[in-house]
Structure formats: structure tokens, C-alpha cells
């Protein structure tokens, strides 16, 4: 259930105040039907999370369409007009370039970029935020973007992995583990995927498909005579919706 | 199984040796003052003889009059140079010398390239010349195996086996060759992207396939050296944790004592799953707290497989609190107890599982510490109903 200021919020309560699309409605249905208590400071905070989740899904689809390549970190590539590639294969925004422009360029010039699946998820998060935050706030919050899997993240994204969650929601990042991966292809040890909310997932380097389809592809990269199947884990990774909502609402409230 | 190692004849020789092709000569200045036993062990750990050695080593070649091929056994500036990672210029000199030799004296060139003391770096650097001159088939089994592995890693060329050996011999040969690649190659880590990739995959193969934990210290050193240089570490870190060996974490914890801030930063990042690593304590205190934590929990740890590909703060190991509470050692990979539970233990566990996490931790820690301090008291305590256990634990929080 959803609770705001001590009051249980129904789907209708929300729909009466905001216009909602089908994906937002779907998320609200899961939240309101859950036995778990989802608590928000205000409707605006809830609205922000719904918007961000919908934009994460859209950004995932857009990244897929951008034709960004799959490359290991050792062979990663980026557009040198906007990014500098580090020795370890990550990308940092070039001096004098706005982070918002640098993120946008990945979606415009996708084939000029190539990286692994975890970095793709971070790119999706940034693009989703770019879609809904004012550019000024985006560039203030993320002035030093470094794209390199989960290892070196901007703390303002607040990315957290939860072992178990009461409900899986569209826009969640899930992980498909491939424990018997071929040692020659360690980059296929698992796949970070975005739940697109319609029974399919986006995983960079594999594409869009059901969990079973992605598992089938991953299992092509298992060692000979493998015994352990690839599987979708229970864990969920998300940005910090509430913190980001707070930053957004403070910004629009003061401007 | 120990492989049939042999001692290098040069150790007892005063003959000059060939520096470019045998940089292991720097060992001599290190080991010449060691007792015979240590000297043997130092050598056998690092240089081996394949049990399948199909090439008989040629006789000692005719001594060259060219000074560049010689190195004195005395510790001299030139030997010191060879201890260091070699630059591209130095390796290019090796390449030039090898090219000249292969055209003028093929036998000598093959002798040198096939010699047991050759480090992997030289073979890797000369691989294009070897291919160009069509001498692959005249290489030793070690070298042919190593180059085939390199081709599989870098080019995806999966050669069909045409090795004159049994499956069992093949398994052991590949293990020996992988170990040779990593042990003699790690000194030149950072040579090139391709070279580092070969070392990474070699480490993964040794850990994941051969379950070889003897190279964990080498891998740990490589990880920290790379990190301070800003180089790629993900695959090596992944390989290290895939060893499923909590005791190996000490290799990482040792870097908490480093004076290099980047090393401390990485050690903290890799050990963050341990509650004693908090970024605020003094690093020496963190180190002590970590070793205490490891000692207390190593029997109750379960491997999760989490890595930086999956999570910002991966937790590769978790403590199985139920096991710690009942003082039952668990299987690291399954997290299940090796021992069956008694009826009373099963009942206790059912109640324990219903407790909140803080209470679980309190009981598990108390149980462990009481068990360590006084087994007889522990046996009495564990037989009490869980409420009474909790009451005693709460009034004795200070038990350590």
C-alpha cells in the first residue's frame, strides 16, 4: 500500500490529481496492491518516482535503438568530442563539455560508443534523469560523470542494490547471473537488465527479450560441460528516487 | 600432485648466460646467498619443467663473443636493471636480436626461446616473429601451449588439439603453462592491453578451472599495482574472489597498512562487505578489526558470487548467523551446515529465525564468544530456551 502523511492512498486518489499513462498506472497498481508499506512525503515525491521509472524504461529502449556497441572495458570506445576514455576503459566528460550534452551524444551517435552492460545501465539512468530534470540542475548534480560500471558512481545517483524486495517494479534493474561462464569471456558472467514492465527486459549487448531469452543467450557463453544454469536473481538495483525527487522539488520550488 | 621439477643447471654454473632471453638471471643475485634448501624452493616455485617436455634441450650453445649476450653472476647494475619491468625499448632490442639470430643461427635461436628460464614476456613479444618464420612446430611444448592459449584469448582461435600426450598429461601441462605465464609474466604487467588481457584470463583459468590458490598473492599484487596506475582491474578482482577462499582476503587487508592512499582506498572498497571496514578508523585499527572479524566468522561464511558487475557494494561473503548461533561450520558454497541438527537445535533455529536481525546478531556473537571462552558454559547456555539465552546474552554483552 501507499502511505502519504499517514494516509493510505488509493489508485483513484492519485489519478484524480495527476494524469497517468499505462505504465505509471501499472506501477501504481503494484504499489497499492502490495502488503508492503510504500511511504512518501507527498504525492509529488511519488509522481517523481513514477516519472523516473517510466523514463528509465524509455531511455533503455532508446539506448537499444541508438546502436551503441557492446565492448569489453579493454576495448571500450567513446566519441572523443565529448568524452575522454580512461586507461581502465571508463569514460569521463571532456573538459568544457556539458554533462547533459555528453549524455545526449551517446543517444545521437550510438555507434561511436561501446561498453559493457553495467555501464549501459548507468547511461540509462543519466538519460532518464536528463529527460525530467532541468538541464541546469542536471549539470549541477552530475558535474563529474564517470561511466565505468557500478564501481565509481556519482553519489548523487544514490544507486543501491537490495537483496530482496517485496515487489518488482517496471524500471527496476535486475541481474541475471551466469555462474558457469566461460573463463575466456568473463564479461558474460552476468547481465544487468532493465525491467521494461511488459514481461521483457533490456540488457546491453543482448537486446530486448524475456528473461528466458536473455538467459538462453547468456548460456551460450558458459564453459564446456557447464552444470549451473544462468538465472534471474532476486536482487534489485535502483537510483535513490526519494533523494533525487527532493533535489528536483527543491530546485523547481526555489526557481 | 607435485610436478617433476628439475633444478636449473645454471645455478651451479659460472657460465655466462643470455640476458635478453633469460631475464630470470636476476634471480641469481637474489638467491646466491640463500641456503641450498631455500635456493631450491625459490627456484622450483618459479621455474618448472613440463612433465611432457618433448624437446630435449640442446647442448649449451657455443659461447658468443658478443658482450650483449652475457651477464655476470655478480650483482651488478645490469642485473639490477633486469629486475625491473622492461620497457618497450628493451623488448624491441630483444626482438631485433632474436630476428638477427633466427636468420643466422636458427638452432641457437630455438635453444634460447625454448629454454626453461625464458619468461613469458619474451615469448609474447616475439610471437609475431615466431609465426613469420614458421618455427612454431619447433617450439617446446610449453611455448606451443602458451602461444595457443594466447591466440585463443586474443583472437578467439580455438585450435583443435594435436598434442602428443594423454588427456591427463594435457591437463597438467596446461596448468603448468598457465602458472608459468602468470608467474613469469606478472612482473611485466602493464606492457600492453593485449598482454594484460592474457594475464587476466590466465588468472581466471587458474582460479576458476584449476582452483589454484597459490597464485592469489601474485594476483593481489597485480590488482593493487594496476589500481594505483588507473589500469583495468575488474577481471582480476573477479578472479580473486572466485577463489572462494576467505583466508585470501588477508592479501587485500594487508594493503590497509600501506602508505599509498590509493592502495588503502581500494582495500577498503574491496573489503567494505565487512562491518569492521568503516572508512573512519585509522587503517591499522581497521586491519586489526578485519583480521579479528575474519578469525571470528570464517567458519560461518558463505560465498555469494557478487561482483562489481552486479552491485556498487558487492558482498562476496556473508555470515550465516544461524550457523554462528549454533556454532556449526558451514559449506562455503552452499551456506549449509556440514552437520545435521539435533531435534533441540532445529527447534531453537525455528525460534531464532523469527527474531529481528539485531537480536540474531547479538545471540550469534554471544554464542561464538562463549563457545570460545568456556565450552562447558556454552553447552549449558545453548540448552536453555531462547528467551533465557537472550536474557543472559543481554546481561553479558561485554563477553569477548
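The values are calculated or read from the model by the stated rules, or taken from the named source; none is laboratory data. Keep in mind it's a predicted model, so treat the numbers as computed, not measured. Cβ sites come from the backbone with ideal geometry, for glycine too, and all protein chains shown count toward neighbours.
Looking at A:175, A:168, which one is within 10 Å of another protein chain (Cβ to nearest Cβ) and either crowded, with 21+ Cβ neighbours inside 10 Å or farther than 21 Å from residue B:307 by Cβ (or both)?
A:175
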Among (1) in contact with a helix residue (DSSP H, G or I) (Cβ under 9 Å, 6 or more places away or on another chain); (2) within 13 Å of another protein chain (Cβ to nearest Cβ), residue B:222 falls short only on (2)
When residue A:136 is run through (1) crowded, with 19+ Cβ neighbours inside 10 Å; (2) more than 10 Å from chain B (Cβ to nearest Cβ), the failure sits at (1)
Within the stretch A:72-91, restricting to residues that are away from chain B (no Cβ under 11 Å) and in contact with a strand residue (DSSP E or B) (Cβ under 8 Å, 6 or more places away or on another chain), the one that is surrounded by the fewest Cβ atoms within 10 Å (Cβ to Cβ) is A:84
Among (1) without any contact (Cβ under 8 Å) to a residue 60 or more places away in the chain; (2) within 21 Å of the chain's Cα centre (by Cα), residue A:82 falls short only on (2)
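Among the residues of the stretch B:262-271, is there at least one that is part of a loop (DSSP other than H, G, I, E, B), without any contact (Cβ under 8 Å) to a residue 12 or more places away in the chain and more than 14 Å from chain A (Cβ to nearest Cβ)?
At the first step, the residues of the stretch B:262-271 found to be part of a loop (DSSP other than H, G, I, E, B) are B:271.
If we keep only those that are without any contact (Cβ under 8 Å) to a residue 12 or more places away in the chain too, we end up with none.
So far as the stretch B:262-271 goes, no, none of its residues is part of a loop (DSSP other than H, G, I, E, B), without any contact (Cβ under 8 Å) to a residue 12 or more places away in the chain and more than 14 Å from chain A (Cβ to nearest Cβ).
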- Item | Residue check, residue B:270 surrounded by 16 or more Cβ atoms within 10 Å (Cβ to Cβ), within 22 Å of residue A:237 (Cα to Cα) and assigned by TED's automatic domain parsing to the domain that holds residue B:242 | yes
The one condition residue B:212 fails out of (1) part of a loop (DSSP other than H, G, I, E, B); (2) at pLDDT below 95; (3) within 13 Å of another protein chain (Cβ to nearest Cβ) is (2)
Checked against (1) within 20 Å of residue A:224 (Cβ to Cβ); (2) outside any helix (DSSP H, G or I); (3) touching a residue at least 40 places away in the same chain (Cβ under 8 Å), residue B:158 satisfies every condition except (3)
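Looking at A:129, A:153, A:157, A:147, which is the one that is without any contact (Cβ under 8 Å) to a residue 40 or more places away in the chain, under 15 Å from the mean Cα position of the chain (by Cα), assigned by TED's automatic domain parsing to the domain that holds residue A:62 and buried (at least 18 other Cβ atoms within 10 Å of the Cβ)? Can you show your working first?
On the way: A:129 fails: without any contact (Cβ under 8 Å) to a residue 40 or more places away in the chain; A:157 fails: without any contact (Cβ under 8 Å) to a residue 40 or more places away in the chain; A:147 fails: without any contact (Cβ under 8 Å) to a residue 40 or more places away in the chain.
After ruling out the rest, the residue left standing is A:153.
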Considering the stretch A:230-255, residues that are more than 23 Å from residue A:56 (Cα to Cα) and more than 14 Å from every other protein chain (Cβ to nearest Cβ), and then whichever is surrounded by the fewest Cβ atoms within 10 Å (Cβ to Cβ), we arrive at A:254
